[in-house]
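Structure record follows, encoded as structure tokens.
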Amino acid sequence: MNKPKIIIAIDGYSSTGKSTIAKMIANKLGYIYVDTGAMYRAIALYAMQNEIISEDIIYKKKLISSLHDIDVSFKYNSDLGFSETYLNRKNVEKEIRSIEVSNNVSRIAAISEVRKKLVAQQQLIGLNKGIVMDGRDIGTVVFPNAELKVFMTASAHIRAQRRYDEMFKKGDDITYEAVLENVMTRDYIDTTREDSPLLKANDAIEIDSAELNVEETFDEVYQYIKQKLEVKS
Ligand code: DC
């Protein structure tokens, strides 16, 4: 008999370690991992490349009418062990992680038409279950019936320090203050936007990733997964 498959939704603030945990779970269970933030980032990159967004303006109508020309997809890279993001068939995995994209993406993610397109695509990817999806609205909007919902938090300072350390290691020319400002601005936009603001679902388990290390966080989530899979089988 086939093992039962579930949907695992991991939401929370930026840089709480969502993607690290989501990837570990997907590898352990043989599930597909979907980084929905990458999809919003790819559209932000498209907007930047096509002069649709600048520091103080978004040509919203132009973006909305271009949405049918924007194809965001994923392709598994077996060397890396995870899927890379493609924008109109070009690998943009590195570009979408830049501070410039980070500075623009929340404004793009606040546009309802953008969300509608990506949520529909995400729901399609999850049709056969067996997925771990991370983002901001997965447990509330994309899969309100997900079998397991996790909501990850940590203080803005701790998250900024983590992000800064990662970027510094990669050789990015960036200051801690710039990263902190980006984290705080994104928190504000993500939690106050009208459409699908970042919100903990009532039935989500909350994990403060500042209190646990990666292994401890994984172990805790994995206990919940085992319970859910036992109930299902
Ligand atoms: O997880 P991330 O930092 O890569 O996400 C990039 C941005 O996209 C973030 O500012 C919020 C937005 N986002 C969203 O609105 N909904 C999602 N499901 C995922 C990300």
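List of remarks:
- Cross-link pairs beyond the 32 Å C-alpha cut-off, checked among K116/K169; K94/K200; K23/K169; K169/K228; K18/K116; K170/K232: K116/K169; K169/K228; K170/K232
- Remark: the range 97-233 projects, on average over all directions, an area of 9.3 nm² (convex hull of Cα atoms).
- Per residue solvent-accessible surface (Å²) - the chain, probe of 1.4 Å: 53
- A full extension of the chain between T20 and E206 corresponds to an added length of 65.3 nm, given 0.36 nm per residue minus the alpha carbon distance.
- Relative contact order (percent, whole number), the range 31-145, Cα cutoff 8 Å, 6+ residue spacing: 36
- Expressed as a whole percent, the accessible area of the chain that falls on carbon and sulfur atoms is 50 (1.4 Å probe).
- Rg to Rh quotient for the range 1-151, alpha carbon positions, Kirkwood Rh: 0.97
- The distance linking the range 198-222 with the range 149-190 is 18 Å (Cα centroid to Cα centroid, whole angstrom).
- Here the contact order of the chain, divided by its residue count and restricted to Cα pairs under 8 Å and six or more residues apart, works out to 33 percent.
- A straight chain from E113 to E230 at 0.36 nm per residue would run longer than the Cα-Cα distance by 38.3 nm.
- Inter-label distance, nm, simple model (7 Å from Cα along the C-beta direction), E166/H68: 3.6
- Gyration tensor verdict on the range 155-216 (Cα atoms; rounded if a/c is under 1.5, prolate if a/b is larger than b/c, oblate otherwise): oblate
- Computed log₁₀ I(q)/I(0) - Debye formula, equal Cα scatterers, no solvent, the range 62-148, q 0.12, 0.16, 0.24, 0.25 Å⁻¹: -0.43, -0.79, -1.51, -1.52
- Taking 0.36 nm per residue of sequence separation and removing the Cα-Cα distance, the T175/L199 pair yields an extension gain of 5.7 nm.
The values are calculated or read from the model by the stated rules, or taken from the named source; none is laboratory data. Model, not experiment: these values are computed from the prediction. Heads up, the Cβs are rebuilt from the backbone with ideal geometry, glycines too, and the neighbour counts pull from every protein chain shown. For accessibility, only protein heavy atoms count, side chains too; no ligands or nucleic acids. Shrake-Rupley method; radii C 1.70, N 1.55, O 1.52, S 1.80 Å.
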